[in-house]
Each structure stands twice: as C-alpha cells, then as structure tokens.
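Just below is one structure, and these are the notes that go with it.
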Amino acid sequence: MSDAPAGFELIHCNDTDAKLTLSGAWVQGCAAQDFNTLSSQLQLGTSTRLTVDGAALEGWDSTLLAFLLQCYDHCKQEGITFDTRNFPEGAGKLLALATAVEPLKQDPEPEQSWLTALNPLVLLKNAVTRLKESLAFTGEVSIALVRMVTGRSNTRFQDFRQFCFEGGPSALGIISLTSVLVGMILAYLGAAQLQQFGAEVYVANLVTIGILREMGVLMTAVVMAGRTGAAYAAQLGTMQTNEEIDAITTLGISPVEFLVLPRLLALVCVMPLLTLYANLLGIIGGGIVAGGMGITPLQFLNQAEEALAVNHLVAGLIKSVIFALLIAVAGCRAGINSGRSSAAVGQAATEAVVTAIVYLIVADAAINIIFQQINF
Amino acid sequence: MDKRADEAIISVRDLTMAYGSFVIQRDLTFDIARGDIFVIMGGSGCGKSTLLKHMLGLISPAQGDILFSGQSFFLASDKDRDAMRRRWGITYQSGGLFSAMTLAENVILPLELYTDYSASEIEDIVAYKLALVGLAGYQDYYPSAISGGMRKRAALARAIALDPEILFFDEPSAGLDPISSRLLDDLILEIKDSTGATVVMVTHELPSIFAIANNAVYLDAATRTMIDYGDPGYLRDNSKQAVVRQFLTRGSSRAETNEDAESSAHE
C-alpha cells in the first residue's frame, strides 16, 4: 500500500487548548494506534479543549471511528470540550451518529461464577427448587388428568397417535439391540457363577427373572428417557421460545392439558408394550449365550417356563407405567419451564434426560423395596 | 442492457425461483447500481423473502443467475463465494442474533473471523459499532434481555461489523412503532451515505419505501413475475400497472379494475 501509515500528533497550544492532528490512512491493518498513548499525553497537559484535525487523513474506516469515539468518551469523562474539523463528510456524520445516544452505564446482572455454581449449599438449594417444581408440575398434571377423565379438559388427541408412533414403533430398533445385549450380558454373568456349582441350566431362570423384573423395563426406560423425554423437552422448549405456549395460555387453554397430557398418555400406552417386546428379546439373548454353553434350546425353554411367573411379569409392567409417567413429567416440565433462547432449549433437553434417569433409579430402588416387603 | 448495467453491483438475470416443481417467480431480470437503496416489494406470499434468499446464495435458482459486480455467484468456486459473502452485511427477519451470545460477542464473531484486528482493537470497534446504532454500553447484554427494536438495531450493528459493500435487510422495520421505524430508516440512510454501501431490502412499509428507496422491483403474486421496476416515487404516479399504483397508494387508486391490471400484466 502506498498510503502513509496512520499517526497522530498532539500539540498543547496554550494552557487551555490542545490540537490533535491525525495523518495517514486509518484503515484496517494499518499500524495500530494505541489510544492509551494519547490519553497519557492528554493527562500531562491542562487543556480544557481538544480540537481534532483530520485534514491530513488519507483514508479511513471503522478503525478511525473507533479511535475517535474513544477520544470523545475520554474528553467527556474529563470534562474536556471536544471539537472536530476538516474530517471527511462520512466520518463526521458517523461520529455524530455514534455519539447521539448516551451510553448505558448500568451493567447487566452478573452471571453466577463457577465457584458459586459448585457450592454444595447452592447445589442443594437448586435441587430442592427443582424437586418443588417437579412436585408442583405433577400436581398440575394430576388435576389435568382428573379434568380429562371427567371430560372437561381441552386435550388435543389428534397428536396422540403421532406421539404413540414416534415413541413406540420408531424405537423398536434400538430397544431390540439393547435388550438382546442385556440378556446376553446377564447370561454370561450368571453362567460364570453357576458353573462353579455345575448348575449352568439355572441360567435360564436367572435370565428370565432378571429381565422380567428388572433389566428389560429399566433399559427400555433409559432408552426412552434419552429418546422421547429429550424430544418432548426440545419440542416444548422450542414452543416456549416461539411464544406458542403463550398463545395457548391466552386462548384460555391449559398448556398442561393441551400439550403435556397427549405426550404423557402416549408414553404410558407404549411403554408397557415396549417392555413386553424388550422382555422377549432379552430372554432370546440369554438363550443364545446359553446355547453356546451347551444348554439346548429345549432345556432353556423348559427352565425359563418354570421360572416364568405372572407376578414377575406384572412387576415389570407396573414399573414400566410408573417409569413412563416419570419420563414424561421430567421431559415436559423441563420443556415448559425452558428459557427463550437456543441455549436454554439445549439445557432443557439435558435437564430432562438427567432428571428422568435420576428419577428412574430412585423409583426403581423404592419399588424393589416395597415388592420385597410385600413378597410380590 | 442500458448503461446502468455497467455500474451494476448486483445483476439478476432471467431468474426463476421454484420449490420443487412449484414456480414462485419466473423471468426476473433487473440491475442494482452501486449506492442504490433497492427495495423488493410485492404483496404477501409473492416470494420477496425467497428472492432475497436467492441473492444471499441460501437457495439455488431453478434457472438463471445472479451476478455480483459481473461475477456469477452460483458458478463461482467456494473460495470466491466466501470472498463475495465477506462484502455483505445481512439482517434477518427476526434478527438472527445468536441468542447464546452477548451483543458484543455477536458483533465480535465476524470481526474475529475475517479481520486481523487485535483483541483490544476489536473491543474498540465493537464499542463504536454498538454506539453507532444507539446501543453504547449494552455490550454484555443477551439478546433475550433487550427489546425487539433494540434487537433489530443490534442485528444492524452485526451486519455493519465488517464495513460491507452491500447491506441486505429482510423487513428491517417490521414490528417497530412508527417512530422507531423512522429512526431505523434514518440510521440505514446515514450509514449508507457515510460508507457508500448499497442497500437491498424487503419491506412493506410505504413510508420507508418513499423515504429512502431510489429503486425498486415489484413482484406480482398472480402472474408470478416482476411487473414493474424503477424509482418507487415515480412508479406510484406513472406505473402502467394498476396493481403497482394501488400497492404504492395503499389501494386508494382504484381507477382501473383488477381485470385491467391482469390484462396489462400480460403485455
């Protein structure tokens, strides 16, 4: 570039007046001029008036304006009168535009620092708040359910079929994979121990009971929390961002009745079916491993039939309904309480999955203790 | 082509826009000269925003081409396209601000990507750009914490971050009160005058159109093509198309019936 480098010269004409001459090309990529140099020079003088002369400028862009704006702000702060002369028309106009509105002095509310965020007391408080919110939301859902049963709710059942399809048949692939593998894992685990007593054939009992009561339903629930729970949170969070939930509320419809109930009911309907499917595939997975250990399919089936009791099956199905409720409540609550930005929708989806999995494990433990006590 | 074509910064040539087999507009040919404030107008659903999306290269044309300073955008290599895009500043209908970033971070992003300013210089430039749109001191606010009008102006600050040659606005003043809308028009005009940028905008706001535009194209939804092109002030009084005159006078010039308008549109 043939342009002269950007530069400035400050002359203290007398006690009160100072003149700043800018020269060269003040464009992007020019040798940067540091405002701090100028401000320290200004501090030395006692001027109450600064005149900036742009006659020697050879080129300008935002670099010049950013510098001038700093001069202006500095002068204003120090009570110095700021004047410009001989600037290109465009630059003068832009400076006038940039200084037309008073800068805002107030800072936004500070974000939580990570130290506060990791404080155990704060974490506990957040957990309690979340639990309270969940309880309140569960209450709303219960009221909405009662209204629906009595036929007074505005529930949109057109969506129900769609949600059933999204939550059910579309999930079959991944459920097949996880349940077959979990069945195989259980069989390996059990076989290694039972071999020591020469009781390999009881692998069938172990797999059947383990899958029916526990693993089939739990794995299905975990998959559904990640698939459907997160999807619900993202859908409702986006609706919150688009003001759709506001629109529903102002139409006099409860968002819980309109949006949450169809999702909740769809999940409650498909979860037991998915669990039955997972149970079947889990037992088949166990059978495959048992076959590899010299147990014939017929032996395996005989043993499995012996272990198969209605109460085991029902225990799993009861759990599946409870888990479905928990996943739907966790997902929908996170979505409806989501903030109104893309980041907030992401947080809502994460929160939905995390809370759902915590609920699942806690609820599973509690249900097992109860079943143990009542010998179910 | 007339002599405008020589100085045209954007030339649209025989452009046909379609979603699949559904044609939205066909045979669009017009030029935008350097320094113009060009308005794309037309009734709702006629394809104004779609035309803008074609100009921005977000949608490929079904037929025809768009040239920037004589160079085809769609035939250009990825590298040339990036170079062209760098000369543009764009605001979207709903702002398009990144909601997970503060206003300062929004403006910093293009500066960091495409300039070699140092971090402290970028900070100064951001302060200046935000001051220019009247948002001095709002650096650390998130888009969700400010009003709709402020978001429009913040989007403008991001659009002008790189001192672009061409500014594209999709409905810049939609949803603003008349005074804010007027101030935004003035701001666009000031920025355009001082930087010499070319402005292309989609808008329905008649006051805006007459106050700032010096060139315009009218897209007709019924005939699916452009039916007039020129200075909006001139078109209001002299357009041969009744539809255009009606649009520009908010429907008060009903001298001709719709049938006349239809027949003249096919001329």
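The values are calculated or read from the model by the stated rules, or taken from the named source; none is laboratory data. Keep in mind that what you see is a predicted model, and the values were worked out from it rather than measured. Note that we place each Cβ from the backbone using ideal geometry, even for glycine, and neighbour counts take in every protein chain shown.
Observations, loosely collected:
- B:I122 vs. criteria within 12 Å of chain A (Cβ to nearest Cβ), touching a residue at least 12 places away in the same chain (Cβ under 8 Å) and surrounded by fewer than 21 Cβ atoms within 10 Å (Cβ to Cβ): yes
- Figure legend. Inter-residue proximity from segment A:74-95: first residues assigned by TED's automatic domain parsing to the domain that holds A:L38 and of a type in the set (S, T, Y), second residues in a helix (DSSP H, G or I) and surrounded by 14 or more Cβ atoms within 10 Å (Cβ to Cβ), beta-carbon distance below 8 Å, spacing 6+ or different chains. Indicated pairs: A:T81/A:C75; A:T84/A:L68; A:T84/A:G92; A:T84/A:L95.
- Residue match in segment A:36-43 (condition: β-branched (V, I, T) and at pLDDT below 85): yes
- Residues being surrounded by fewer than 15 Cβ atoms within 10 Å (Cβ to Cβ) and among the acidic types (D, E) - total across segment B:17-58: 1
- Residue check: A:Q112 meets all listed conditions (1) touching a strand residue (DSSP E or B) at 6+ places or on another chain (Cβ under 8 Å); (2) outside any helix (DSSP H, G or I) but one, namely (1).
- Single unsatisfied condition, B:L187 versus (1) within 14 Å of chain A (Cβ to nearest Cβ); (2) buried (at least 23 other Cβ atoms within 10 Å of the Cβ): (2)
- For segment A:309-318, the criterion of being assigned by TED's automatic domain parsing to the domain that holds A:L177, in contact with an Asp or Glu (Cβ under 9 Å, 6 or more places away or on another chain) and either closer than 21 Å to A:L189 by Cβ or part of a helix (DSSP H, G or I) (or both) is met by at least one residue.
- Number of residues in segment A:101-121 that are modelled with pLDDT under 85 and either more than 13 Å from every other protein chain (Cβ to nearest Cβ) or surrounded by 14 or more Cβ atoms within 10 Å (Cβ to Cβ) (or both): the value is 12.
- Counting only residues that are more than 21 Å from A:L251 (Cβ to Cβ) and part of a loop (DSSP other than H, G, I, E, B), segment A:153-173 holds 1 of them.
- Looking only at segment B:139-176, and only at residues there that are more than 17 Å from the chain's Cα centre (by Cα), within 11 Å of chain A (Cβ to nearest Cβ) and part of a helix (DSSP H, G or I), the one that is nearest to B:K192 (Cα to Cα): B:M150
- Qualifying residues in segment A:137-169 (those that are of a type in the set (G, A, S) and surrounded by 14 or more Cβ atoms within 10 Å (Cβ to Cβ)) - the one farthest from the chain's Cα centre (by Cα): A:S153
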